[in-house]
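Engineer: Sharing a structure below in structure tokens format, with a few things to ask.
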Amino acid sequence: MNDELKKFIENIPKAELHLHIEGSFEPELMFEIAKRNNQQIKYNSVEEVREAYNFSNLQDFLDIYYAGAGVLLYEQDFYDLTWAYLEKAKANKVLHAEIMFDPQTHLDRGVEFNTVFNGIYNALKDAEEKFGMTTKIIFSFLRHLSEEAGFEIYEYLLDNKDKIDAIGLDSSEIGNPPSKFERIYKRAKADGFFLTAHAGEEGPAEYVWEALDILHVDRIDHGNHSLDDEKLVERLVKEQIALTVCPLSNLKLRVVKDIKQHPLKTMLDKGLFVTVNSDDPAYFGGYVNDNYLSVAEALDLSKEDIYKLAKNSFLASNISEELKEKYVSLVDEFYRANS
Ligand code: HPA
Ligand code: ZN
């Protein structure tokens, strides 16, 4: 790739909409926190940890991801985890970030909700103040657990309605279709939350239909398998439902065999409302700019494609129309000055 395009990608203002904060846990910080908390990890070095990040599918990754999160015990741990991501985001010219967290991952091992939430929230507020970023929090339900288990933690969501804007659905997709969470999504919609759900990452196009028709989501996480169904593509294009695509995640979890076969360019060409995101950057080999760079290189994306993706990232976000306009005008300005 030429240097000019690389700089263009690295510096264009962007939003990140699909990021699991537990997935931004770099091995170096994992060792540091494990040590200060007197927690054992099953690896002897940072290199050994990185070598273990060779996944053959989503479940393979999730097993390691949940184990890694196991050393996080105190509010400061969650603060440090979130702060480390925010520094990377700033360096990647992320002006707005919507961050997912998995309360059940921590509650189920005895860590209190407020320990988790306050650490994450305080880091986000500090980034807003120090970096001028804007942020949102997505409270994600683990789909391998029951809907009842989801309702058991619903009170935490309501208690923090002034601080949490959205819900999500993540973890093991196949065998856990969106329809399993119909009642919780109905409730969250009535309560005014913005709705997102992972669908069509490993699961079939049918799961994307369910996310639209049964959960009534505002945005789809991943959505790759939508391309298997022309009628679904038509629907997504017509309604301009955003997909938060994560190229390096797709490569590492073998949703695509080769980055050259990644469908992002096809998605753009079909008129799908796509955005580029990092998902779990510590595990998948890169932050948001690395994701843009990898597809730009592999799929020969143009400056216009990158401009469109950056603009989409703000347009697909859960912020006010006014703020969207402000951010889009920054992207426009950058594009004009650099084309
Ligand atoms: N897919 C599903 N669940 C997840 C992921 C993912 O990529 N990352 C963290 N939880
Ligand atoms: Zn994800």
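The values are calculated or read from the model by the stated rules, or taken from the named source; none is laboratory data. Because the structure is a prediction, the values reported are computed rather than measured. Cβ coordinates were reconstructed from backbone atoms using ideal geometry, including for glycine residues, and neighbour counts include every protein chain displayed. The protein model used for the area step is the full one, side chains on, heavy atoms only, and it has no ligands, DNA or RNA in it. Shrake-Rupley method; radii C 1.70, N 1.55, O 1.52, S 1.80 Å.
Engineer: Would you please give the residues with an amide H less than 5 Å from that of ALA97, counting only those at least 5 places away or on a separate chain, with H modeled from the backbone geometry?
Structural biologist: GLU16, THR134, THR135, LYS136
Engineer: Roughly how many Å is it from the Cα centre of the stretch 261-339 to that of the stretch 132-198, as a whole number?
Structural biologist: When both Cα centres are located, 25 Å separates them.
Engineer: Something else now. What is the local net charge at ALA166, summed over the other residues whose Cβ is closer than 12 Å to its Cβ (Lys, Arg +1; Asp, Glu -1)? Numbers along the way, then the final one.
Structural biologist: Details: positive: LYS136, LYS161, LYS163, LYS189, ARG219; negative: GLU98, ASP165, ASP191, ASP218, ASP221.
Its environment carries a net charge of 0.
Engineer: Go through the stretch 69-82 residue by residue and turn each phi into a ³J(HN,Hα) via Karplus (6.51, -1.76, 1.60, θ = phi - 60°); whole Hz please, and just put x for glycine and proline.
Structural biologist: Residue by residue, the stretch 69-82 yields 5, x, 8, 7, 10, 10, 3, 4, 4, 5, 5, 4, 4, 5 Hz.
Engineer: Long-range amide H contacts for ASP221: which residues qualify at under 5 Å (H placed 1.01 Å from N, peptide plane, sequence gap of 5 or more or a different chain)?
Structural biologist: Close amide H contacts, sequence-distant or interchain: ALA197, HIS198, ALA199, THR244.
Engineer: Output ³J(HN,Hα) for the stretch 303-316: one whole-Hz value per residue in order, computed from phi by the Karplus curve 6.51 cos²θ - 1.76 cosθ + 1.60 with θ = phi - 60°, and x for Gly and Pro.
Structural biologist: Whole-Hz 3J(HN,Hα) from phi for the stretch 303-316: 4, 5, 4, 5, 4, 4, 5, 5, 5, 4, 4, 7, 5, 8.
Engineer: Mind checking which lysines have their Cα closer than 22 Å to the Cα of LYS252? Skip sequence neighbours fewer than 8 apart in that chain.
Structural biologist: LYS42, LYS88, LYS260, LYS265
Engineer: Setting aside same-chain residues fewer than 8 positions from LYS186, which lysines have a Cα under 29 Å from its Cα?
Structural biologist: LYS136, LYS161, LYS163, LYS231, LYS238, LYS324
Engineer: Would you work out if the stretch 164-247 is rounded, prolate or oblate? Take a ≥ b ≥ c from the square roots of the eigenvalues of the alpha-carbon gyration tensor; rounded if a/c is under 1.5, else prolate when a/b is larger than b/c, oblate otherwise. Don't jump to the answer; show the numbers that get you there.
Structural biologist: Working: a/c = 1.63, a/b = 1.37, b/c = 1.19.
Cα axes put the stretch 164-247 in the prolate bin.
Engineer: What accessible area per residue, rounded to a whole number of Å², is obtained for the chain using a probe radius of 1.4 Å? Don't skip to the answer; put the middle values down first.
Structural biologist: Values: 13930 Å² over 339 residues.
So the chain comes to 41 Å² accessible per residue, rounded to a whole number.
Engineer: With θ taken as phi - 60° and the coefficients 6.51, -1.76 and 1.60, list the Karplus ³J(HN,Hα) couplings across the stretch 171-178 in order, rounded to whole Hz; mark glycine and proline as x.
Structural biologist: 5, 5, 7, 5, x, 10, x, x
Engineer: Positive end of the dipole of the stretch 193-339, charges at C-beta (+1 Lys, Arg; -1 Asp, Glu), about the Cα centre: which of VAL295, SER226, LEU195 has its Cα farthest in that direction?
Structural biologist: It is VAL295.
Engineer: What translational diffusion coefficient, to the nearest whole µm²/s, does the chain have by Stokes-Einstein, given a Kirkwood radius computed over alpha-carbon pairs, a temperature of 20 °C and 1.002 mPa s viscosity? Before the final figure, lay out each step's value.
Structural biologist: Details: Rh = 20.0 Å.
This corresponds to a translational diffusion coefficient of 107 µm²/s.
Engineer: Ok, one more. What's the magnitude of the charge dipole for the stretch 3-337 around its Cα centre, counting Lys and Arg as +1 and Asp and Glu as -1 at the beta-carbon? Answer in Debye, nearest 20.
Structural biologist: Dipole magnitude for the stretch 3-337 comes out near 520 debye.
Engineer: Over the chain, with a Gaussian network built from C-alpha contacts below 10 Å, which listed residue (GLN59, GLN40, GLN240) shows the highest mean-square fluctuation?
Structural biologist: GLN40
Engineer: Can I ask one more? Roughly speaking, to the nearest percent, how much of the chain's 1.4 Å accessible area is carbon and sulfur? If you can, show how the numbers build up before the last one.
Structural biologist: Values: 6370 of 13930 Å².
For the chain, the apolar C and S fraction of the accessible surface comes to 46 percent.
Engineer: If you take the Cα atoms of the stretch 27-176, find Rg, then find the Kirkwood Rh from the mean of 1/r over all pairs, what is Rg/Rh? Show your work: numbers first, answer last.
Structural biologist: Values: Rg = 15.8 Å, Rh = 16.5 Å.
Expressed as Rg/Rh, it is 0.96.
Engineer: How large is the accessible surface of LYS189 in square angstrom, using a 1.4 angstrom probe and rounding to the nearest 10?
Structural biologist: Approximately 110 Å² of LYS189 is accessible to the 1.4 Å probe.
Engineer: Go ahead and estimate [θ] at 222 nm for the chain from helices alone: -39,500 (n - 2.57) per DSSP H run with n ≥ 4, summed, over the residue count, rounded to 500.
Structural biologist: Working: 18 runs with 177 residues, N = 339.
It comes out at -15000 deg cm²/dmol, rounded to the nearest 500.
Engineer: Additional query: Determine the gain in length on full extension of the stretch GLU152-GLN40; use 0.36 nm per residue of separation and subtract their C-alpha separation, reporting nm with one decimal. Mind showing how you got there, number by number?
Structural biologist: Numbers: separation 112, 0.36 × 112 = 40.32 nm, distance 3.00 nm.
Taking GLU152 through GLN40 to full extension adds about 37.3 nm, to one decimal.
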